[in-house]
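Undergrad: Handing you this structure, nothing more for now.
What follows is calculated from the coordinates using simple rules that are stated; it is not laboratory data. A quick note: this is a predicted structure, and the numbers were derived from the prediction, not measured. Don't worry about glycine lacking a Cβ; one is built from the backbone with ideal geometry, like all the others, and counts go over all protein chains shown.
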Amino acid sequence: MLTRLGSLCAFFLLLSLICVVGANSPAAAGIEVMDELKECIGNHLDEETAVWPSDGSAYSSATKLAYNFKDTNPALVVMAKSSKDVSEALLCASQAGYQVSVAGGRHSFQGSGVMDGYVVIDTSLMCELPVVDEATMTMRVGSGCTNAIMLAGVSNSKVPGALTLTGSCPSVGVTGYVLGGGMGDISPFVGLKADNVLSMQIVLPNGTEVTANATHNSDLFWASRGGGGGLGIITELEMKVHEAPDPDHFTHFEVRYKPSHSVEVGVSLQTFLMDNQDRRMGGSATLSEKGWEARLVFLGTWQEGVAVLEKGGLLDPAYLRSDTAGELWVNFVKSDYEKYPVAVHEFRKYAEVEAYVYCKQYSWLPGGLGELQQFCYRSRNQGGCNSTPSCDTKWTLDMFLAMAASRDSNLNVGTSEWSHHQEMVSGVGGLLARELSQDTWQHIVDVVSSSQKPKHCNSDFQLNHFANGAVGDLHFDETAFPWRNATMLFSYSLIDERTSAKEKQACIEFSKKYTSYFFDGPAKGEILGGYYNYLGSENDLSFYFGPNLRRLQDIKSSYDPLNIFGKPLTVEVPPVSFDTNVKILDEKS
């Protein structure tokens, strides 16, 4: 392998200079180029590894997207099983003049993992259940692993209270998650996923695999933590594992607020985050015409969590909806809770509280939780397969964690029928802010309550993740992710399978009215920048990388000067559009 690389690298580099690598679709090179690609792939990869357009249903399956409904037509999909497969496929593609795109969880809102005319290298098979090294409190994670598999890894650990950050969707691939920064329920306590990477194995455009960490290829390591990718193909990551402040208590709060107090609740949530009142409290929230619904994860007992929320003004009786009774579940045992009309679930394991979050998401899908029973039967687990799934039962959460540990389960496959498929039609994607004015909160309330919302257009305000606490412990240039002074990530305007083409266009137009307030209206300047993992289509790269863009461009010039990994909204070699007026507010100053 190394001998082949050494003898061919110079040849491929010279050949690439005369190929139109960065131009239009490589398929325009014609039949001879395709034949060259097929011959090279046939000589160096197993037959079942390559999926061609002529492969019918296998090709259709291999080109699906999880969060975009467009059809894709890559030249080839390589289902890589090892870093050697990755290297061979990369060299074959560059030799034949093709650009390369990398796919894992397929969750890009722009569908950028599977590009038309490209050679797509899919790493989803490069994953084994990670094991926590108790001596170093780390775990090695294959590039094809997902949020759910990382959660299963710490669930199986013997370390009490072992934590790893995961995002809101279980089937998101870990590599893309890291490349965009990576936020989740416990970000206020542990920071971004990118902050928790200690080392990476990366295959470069010339086919060689290198280690990137703080002391080896440190510029590549810096850029690969929040810089969006486009420098090489990550094959493995070494992750930091944390210990919870209380290893035996993990609490979920579900708090609903009256729609008549939506502005006040928005301001209160924002104040809570800006003041960093308690890093143990994380989570997300949604604002709809029915009011706010907060879904909070607290690293401690339910009593401590209640005290934190009371101190932050988030349990003001005047704000809380009272149309449902309070519930308190401690270790799957229910009792009445009369003090507040909120649902409280305390668990003994971190994995259980996150499994509960997954369960609540999947419980309202058309297929409900029946997939758990089917998985139980398929896995020949005869323990209670006839049980009626409920997020309040241990059997249900245990089945979620069993599915999490299986890479081919429908929990880990974002393109499966069980998953909820959506597409973000907002052109600005996910937005990061520190503080919104009261007038802006009123604007948000007016939009989500508007009678003009198009049919099958979800224009709720999604406060996807809290971005305070440990996220701000790093300076803006310590990794490629610059927005360290943000407190919240939010997004809106989603469509699903029911949305017609006419309804989609109406949703896009409605979204523009919504977002223009932030960019051309009174709230101009309140948005810090964009979140690359919720990529939009209307802003340039400086919107995502701010003052770190110039350094990213220089690193791109060093590692991928021929733009093998080039595609829309991926960092390119200079010059590209760069906004020198981007401001970074350092909350430490």
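Undergrad: Between residue 318 and residue 416, 0.36 nm times their residue separation minus their Cα-Cα distance comes to what? Can you show the working numbers first?
TA: Working: separation 98, 0.36 × 98 = 35.28 nm, distance 4.27 nm.
Contour length minus the Cα-Cα distance gives 31.0 nm.
Undergrad: What does the extension gain come out to for residue 137 and residue 303, with contour length at 0.36 nm per residue minus their alpha carbon separation? Display every interim value, and only then the final one.
TA: On the way: separation 166, 0.36 × 166 = 59.76 nm, distance 2.90 nm.
Going from the current span to full extension adds 56.9 nm.
Undergrad: Using only DSSP helix segments of four residues or longer, with each worth -39500 (n - 2.57), what per-residue ellipticity at 222 nm results for the chain after dividing by its residue count and rounding to 500? Mind dumping the intermediate values first?
TA: Numbers: 17 runs with 177 residues, N = 589.
-9000 deg cm²/dmol, from helical runs alone.
Undergrad: Next question, about the same structure. Among 172, 563, 285, whose Cα lies farthest out toward the positive end of the dipole of the chain, if unit charges sit on the beta carbon of Lys, Arg (+1) and Asp, Glu (-1)?
TA: So the residue we want is 285.
Undergrad: Put a dot 7 Å past each Cα toward the Cβ at residue 474 and residue 276; how far apart are the dots in nm?
TA: Result: 1.6 nm between the two label points.
Undergrad: Taking the Cα centroid of the stretch 494-562 and of the stretch 125-158, what is the distance between the two, rounded to the nearest whole Å?
TA: 32 Å
Undergrad: Report for the chain the percent antiparallel among DSSP-assigned beta bridges with both residues inside it, nearest 5.
TA: Details: 64 of 76 bridges.
So the antiparallel bridges in the chain amount to around 85 percent.
Undergrad: Right, here's the next one. Give me the one-decimal Kirkwood hydrodynamic radius in Å for the stretch 222-369, with the sum taken over alpha-carbon pairs. If you can, show how the numbers build up before the last one.
TA: Details: mean 1/r = 0.0583 Å⁻¹.
Averaging 1/r across every pair of different Cα atoms and inverting gives 17.2 Å.
Undergrad: Ok, one more. Considering only DSSP beta bridges where both residues belong to the stretch 45-143, give the percentage that are antiparallel (nearest 5). The partial results should precede the final answer.
TA: Values: 3 of 11 bridges.
That works out to approximately 25 percent antiparallel.
Undergrad: Let me know the shape class of the stretch 323-444, please: from the alpha-carbon gyration tensor, a ≥ b ≥ c as square roots of the eigenvalues, rounded when a/c is under 1.5, otherwise prolate if a/b is greater than b/c, or oblate. Walk me through the intermediate numbers first.
TA: Details: a/c = 2.46, a/b = 1.28, b/c = 1.92.
It comes out oblate by the Cα gyration axes.
Undergrad: Modelled label-to-label distance, residue 508 and residue 437, 7 Å Cα→beta-carbon offset: nm?
TA: The modelled label-to-label distance comes out at 3.1 nm.
Undergrad: Modelling each spin label as a point 7 Å along the Cα-to-Cβ direction, I'd like the residue 339/residue 558 distance in nm, to one decimal.
TA: Simple spin-label model gives 5.4 nm for this pair.
Undergrad: Follow-up question, since we're still on this one. If you build the Cα gyration tensor of the stretch 57-140 and take the root of 5 times each eigenvalue, what three semi-axes come out, in whole angstrom, biggest first? Don't skip to the end; give the middle numbers.
TA: Values: eigenvalues 140, 61, 22 Å².
With the √(5λ) rule applied to the stretch 57-140, the semi-axes are 26, 17, 10 Å.
Undergrad: Which Cα, out of 416, 206, 333, lies furthest along the positive dipole direction of the chain (beta carbon charges, K/R +1, D/E -1)?
TA: Result: 333, furthest along the dipole toward the positive end.
Undergrad: Here is a follow-up. Given a Förster radius of 35 Å and the C-beta distance between residue 311 and residue 260 as r, what FRET efficiency does 1/(1 + (r/R0)^6) yield to the nearest 0.05?
TA: Values: r = 24 Å, r/R0 = 0.67.
Working from the Cβ atoms, E equals 0.90.
Undergrad: Okay, moving on. Where does each of 174-181, 63-70, 228-235 land if you order them by average Cβ count within 10 Å, highest first? Don't jump to the answer; show the numbers that get you there.
TA: Numbers: 174-181: 27.5, 63-70: 19.5, 228-235: 25.2.
Descending packing order for the listed peptides: 174-181, 228-235, 63-70.
Undergrad: Still on this structure, I have one more. Which value, in debye to the nearest 20, describes the size of the charge dipole of the chain about its Cα centre when Lys and Arg Cβ atoms bear +1, Asp and Glu Cβ atoms bear -1, and nothing else is charged?
TA: On the way: 45 positive and 68 negative charges, 76 e Å.
My answer is approximately 360 debye.
Undergrad: If you consider only alpha-carbon coordinates, what radius of gyration and Dmax does the chain have, in Å?
TA: Rg then Dmax for the chain, in Å: 23.7, 74.
Undergrad: Then there's this: Using 0.36 nm per residue, how much length does the chain from residue 158 to residue 58 gain when fully extended, once their Cα-Cα distance is taken away?
TA: Numbers: separation 100, 0.36 × 100 = 36.00 nm, distance 3.99 nm.
Gain in length upon complete extension: 32.0 nm.
Undergrad: With charges set only on the Cβ (+1 for Lys and Arg, -1 for Asp and Glu), what does the dipole of the stretch 176-273 come to about its Cα centre, in debye to the nearest 20? Before the final figure, lay out the partial values.
TA: Numbers: 5 positive and 11 negative charges, 70 e Å.
Value, rounded to 20: 340 debye.
Undergrad: Pairs 81/158; 193/524; 453/512; 502/567; 311/339; 290/455: which exceed 19 Å Cα-Cα? List each step's numbers first, then the result.
TA: Numbers: 81/158 29 Å; 193/524 29 Å; 453/512 12 Å; 502/567 28 Å; 311/339 15 Å; 290/455 17 Å.
Over 19 Å Cα-Cα: 81/158; 193/524; 502/567.
Undergrad: Turning to a different aspect of this structure: Can you tell me the relative contact order of the chain? Whole percent, Cα pairs under 8 Å, sequence separation 6 or more.
TA: Working: 1295 pairs, mean separation 89.9, N = 589.
Here the relative contact order equals 15 percent.
Undergrad: Along the charge dipole of the stretch 314-433, Cβ charges K/R +1 and D/E -1, which of 427, 406, 372 sits furthest on the positive end?
TA: Result: 406, furthest along the dipole toward the positive end.
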